[in-house]
Amino acid sequence: MELIKPDLGLLIWMIVSFSVVVFILIKYAWKPILKALKDREHTIERRLLAAKKAKEELARIEFGNEKITALAKIERDNLIKEAKEIKTKIIEEARNEAKVEARKIIEETRKSVQKEKEEAINEIKNQISELSVIIAQKILKQELGNKETQKKLISKLIEEIDLN
């Protein structure tokens, strides 16, 4: 029962020892503990402010990144559009050059064919005239073989000359 009902002397010694502990804590530990708590509170506030600033900075950077990304997309689209226009222009120029070159080749071919045709016609004319002369020589030799036929032909030619 002693534990349930403490003795008066024990109670006094407990109060004295508790008072000494409280006095020592107030004298030596209370101010440093309060100071540490205040420092901790200030540190937490500073870190919260830093975190808030970092969050704002991050939001600003993200907005800047979005802006940069949007500008990059616009620039990319412009470059793609410009590349397509250049490609179309190059293809069109190549087509035009090919058409001009084809026309030149066709014209040169026509001229060449025309020239060869004229040469062939001249060659045929030359051959025909040579053959005609040969044939005429043979006919004249045959018909003018006697003197009477020669006289008739000369008379006939003289009459034709007078008429013209």
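Where a number appears in this text, it was derived from the coordinates with a stated rule and is not lab data. This is a predicted model, so every value here is computed, not measured. FYI the Cβ positions are ideal-geometry reconstructions off the backbone, even for glycines, and counts take in every protein chain you see.
Compute the acute angle (0 to 90°) between the alpha-carbon long axis of helix 147-163 and the principal axis of greatest extent of the alpha-carbon atoms of the chain; round to the nearest 10°. For helix 147-163, the angle is close to 60 degrees. In the chain, the longest principal axis of the Cα atoms and the axis of helix 8-24 are about 40 degrees apart. Annotation: aspartates and glutamates with alpha-carbon distance below 20 angstrom to Lys87 (same-chain offsets under eight excluded): Glu75, Asp77, Glu97. By the rule of a C-alpha distance below 17 Å, with chain neighbours fewer than 8 residues away ignored, the lysines paired with Lys89 are Lys81, Lys99. To make sure I understand the rule: partners must be lysines, Cα under 17 Å from the Cα of Lys104, and not fewer than 8 residues away in the same chain. Which ones qualify? Hits, sequence-local ones excluded: Lys115. Going toward the positive end of the dipole of the stretch 8-158, with +1 on Lys and Arg Cβ and -1 on Asp and Glu Cβ, which of Leu71, Ile134, Gly9 do you reach last? So the residue furthest toward the plus end is Gly9. In this Cβ point-charge picture (+1 for Lys and Arg, -1 for Asp and Glu), the chain has a dipole of about 1020 debye about its Cα centre.
Given R₀ = 45 Å, FRET efficiency for Glu57-Lys27 by Cβ-Cβ distance, to 0.05? After rounding, the FRET efficiency stands at 0.45.
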